[in-house]
1. So in the stretch B:163-189, with the set limited to residues that are more than 18 Å from residue A:186 (Cα to Cα) and out of contact with any helix residue (DSSP H, G or I) (no Cβ under 9 Å at 6 or more places or on another chain), which one is surrounded by the most Cβ atoms within 10 Å (Cβ to Cβ)?
2. Within the stretch B:152-159, can one find any residue that is under 21 Å from residue B:98 (Cα atoms), among the aromatic types (Phe, Trp, Tyr), surrounded by fewer than 24 Cβ atoms within 10 Å (Cβ to Cβ) and modelled with pLDDT of 95 or more?
3. Starting from the stretch A:133-144, keep only residues that are within 13 Å of residue B:25 (Cα to Cα), then list their pairs with residues that are surrounded by 18 or more Cβ atoms within 10 Å (Cβ to Cβ) and at pLDDT 95 or above whose Cβ atoms are within a distance under 7 Å, requiring at least 6 positions of separation or different chains.
4. Go through the residues of the stretch A:174-193 one by one and say whether even a single one is touching a Gly at 6+ places or on another chain (Cβ under 7 Å), surrounded by 19 or more Cβ atoms within 10 Å (Cβ to Cβ), away from chain B (no Cβ under 12 Å) and within 28 Å of residue A:16 (Cβ to Cβ).
5. Has the stretch B:2-15 got at least one residue that is away from chain A (no Cβ under 14 Å), in contact with a helix residue (DSSP H, G or I) (Cβ under 8 Å, 6 or more places away or on another chain) and among the hydroxyl-bearing types (Ser, Thr, Tyr)?
6. I want to confirm something. Restricting to the stretch A:129-150 and keeping residues that are more than 11 Å from chain B (Cβ to nearest Cβ) and part of a loop (DSSP other than H, G, I, E, B), which single residue is surrounded by the most Cβ atoms within 10 Å (Cβ to Cβ)?
7. Restricting attention to the stretch A:103-128, which residues are touching a Lys or Arg at 6+ places or on another chain (Cβ under 6 Å) and either in contact (Cβ under 8 Å) with a residue 40 or more places away in the chain or within 14 Å of another protein chain (Cβ to nearest Cβ) (or both)?
8. Taking the options B:148, B:204, B:170, B:166, name whichever one is small (Gly, Ala, Ser) and either in contact with a Leu (Cβ under 6 Å, 6 or more places away or on another chain) or closer than 27 Å to residue B:18 by Cα (or both).
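The values are calculated or read from the model by the stated rules, or taken from the named source; none is laboratory data. Treat the numbers as computed from the prediction; the structure is a model and nothing was measured. Don't worry about glycine lacking a Cβ; one is built from the backbone with ideal geometry, like all the others, and counts go over all protein chains shown.
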Amino acid sequence: MSRIEGVLKALKGQGRKALIPYITAGDPHPDATVELMHTLVNAGADIIELGVPFSDPMADGPVIQLACERALRYGTSLRQVLDMVHTFRSQDDKTPVVLMGYLNPIEAMGYEAFADAAADAGVDGVLTVDLPPEEAEDVAPLFAKRGLDPIFLLAPTTTDERIRAISEHSSGYVYYVSIKGVTGAATIDVDEVARKVAHIHELTALPVGVGFGIRDAATAAAIGRVSDGVIVGSVLVDTIARHQADRVELKRALTNLLNPMREALDSLAS
Amino acid sequence: MSVKLTEEMLKALPDARGHFGAFGGRFVSETLMDSLMTLEREYLRLREDPDFQARFDQDLADYVGRPSPLYFAERLTRETGGAQIWLKREDLNHTGAHKVNNTIGQALLASFLGKKRIIAETGAGQHGVATATVCARLGLECHVFMGAEDVQRQSLNVYRMKLLGAQVHAVESGTRTLKDAMNDAMRDWVTNVDDTFYIIGTVAGPHPYPLLVRDFQSVIGREIRRQAMEKAGRLPDALVACVGGGSNAIGMFYPFLTEEQVALYGVEAGGLGLESGQHAAPLCAGRPGVLHGNRTYLMEDENGQIIGTHSVSAGLDYPGVGPEHAWLKDIGRANYVSVTDDEALEGFRLLTRVEGIMPALESAHAVAYGVKLAARMDKDQMLVINVSGRGDKDIHTIAQIDGIEI
């Protein structure tokens, strides 16, 4: 059983929902990332999605675009991101880490070299925004062999046929993109998401995480009620941008954001 | 080493997943997959639909003014002292470039699909103007994304688009040029996917765009074939076109791919020279990667980050290239070369002076290489240069380089 599967099973056994924060590696500075990952765990994260910065983040809104630019200003590379995960792992061997990013840095490193290095570093899952399962034929067996969970996106526009096919190519969880749009854009229609996630649950046995547009405890709870986990990104990255000059204040602000979400999610269990 | 291509081989490309050999494909976020699959299905149907094709052909004739002439450049040939140089006059099209062939086709597709809102990216503004033009004609809402840097450099085209009723969005992210405009167009598309049609301006992007843009632009090469037979009684020995994303080049080359004896030359923007790193020549000096929905040759660093490009011509200032060109390079069917900014400017001045034709700076790259190539060829040989656009839009740039205020 993969670390992701283990964590999600355990949560399910307790009737709890996963809190999955996203930050961009190297933002605001490469030497801050490992520390911030531990902060996220202490504030209640069950799984961490760690963004790999890319020069052309087409699926991201302005907040995460700027995070990529900050990280790339210091030349944060995929290899450095894997080093960060390795360092994180030396102190935390429980919290799954999912790399989230775009395909080209992985292509540049080479699929096999990347799969080896990611597994060595202690990465658990890989979500590549611009890699649909149709184009993942070469890389999927390399991930499978090393126990890396391929995590794919489902969208409001995904047909039933594709939901089934994509789920078959996924392990760990599937990531439902709650809105048509980029990260950090619109506010979500909770009823609509609830309906769609319930439908996805009918088509796959995999846990469903929901992301895009979750910015506070109230939306986290509303989405947590209908899904297996919530992914929180832009609101955290925006906080990093605002407190980049003061590391102590930054950690406090991230904690203050995540704590109420954790409580709100856990209150669903009782 | 070149592979002999047959009609059967070409018919099989791109394959069902949009691949040209190792290149192409559909690398986009999931939200867009359904739209792309619908577009592919509908296009493959309309491609065989006589009504659709008839409307397209009629628009090309009556609105664009096709066929564009194939012109024998007698003085240029004499000055060069080599092969006969002929010019394909895409600069005489309505809106002044080959871009309109594609926007007519895609806007027609949008109408057939019932989409009322059009988005497009643009670099120099030529594709933006061509898109705004057909939107004005068809009464479609038009949004053009343009890098903030380019908005400043190409204020004339920005104003043209506004006059045509388009909304121009200045893109402030990244390098504030064409690639970032394309990123923002994709972001808009993801957000408004239900009612929006994205008219991509070049022969790149996710499948089926490289296919349909190539089909719409292939009118260039089909006309050259017919005109060459009529006027010279033979097919040309060589074809030369500039390559940014590569839409005018693929349109020129495609109807000749099976004719082994016709040599194909795509001319990339060498900028300040390939060795300087300041260029936009991914086929000459880049490597394969994935950007903007397709796998192709890219300008990138060792970590897979896309790097800034440079060219005196804004229309060639793009870090990628159409996947079919990447394939033609790898199988050795087409040759990809580059000329520098200075050589292109020289080509501009030469054609202007000896033929009275001002080419766009993009097309001036093809002129510069074509002249060099012709000089090495025999006098009884025939070479065609695609003058993909007219140079009026570049007069300010040229004047600036000459130190003249207009």
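1. B:182
2. Taking every residue of the stretch B:152-159 in turn, at least one turns out to be under 21 Å from residue B:98 (Cα atoms), among the aromatic types (Phe, Trp, Tyr), surrounded by fewer than 24 Cβ atoms within 10 Å (Cβ to Cβ) and modelled with pLDDT of 95 or more.
3. Correct list of pairs: A:133/A:152; A:133/A:166; A:134/B:26; A:135/B:25; A:135/B:26; A:135/B:27; A:136/A:150.
4. So far as the stretch A:174-193 goes, yes, one or more of its residues are touching a Gly at 6+ places or on another chain (Cβ under 7 Å), surrounded by 19 or more Cβ atoms within 10 Å (Cβ to Cβ), away from chain B (no Cβ under 12 Å) and within 28 Å of residue A:16 (Cβ to Cβ).
5. Checked the stretch B:2-15: no residue is away from chain A (no Cβ under 14 Å), in contact with a helix residue (DSSP H, G or I) (Cβ under 8 Å, 6 or more places away or on another chain) and among the hydroxyl-bearing types (Ser, Thr, Tyr).
6. A:148
7. A:124
8. Details: B:148 fails: either in contact with a Leu (Cβ under 6 Å, 6 or more places away or on another chain) or closer than 27 Å to residue B:18 by Cα (or both); B:170 fails: either in contact with a Leu (Cβ under 6 Å, 6 or more places away or on another chain) or closer than 27 Å to residue B:18 by Cα (or both); B:166 fails: either in contact with a Leu (Cβ under 6 Å, 6 or more places away or on another chain) or closer than 27 Å to residue B:18 by Cα (or both).
It is B:204.
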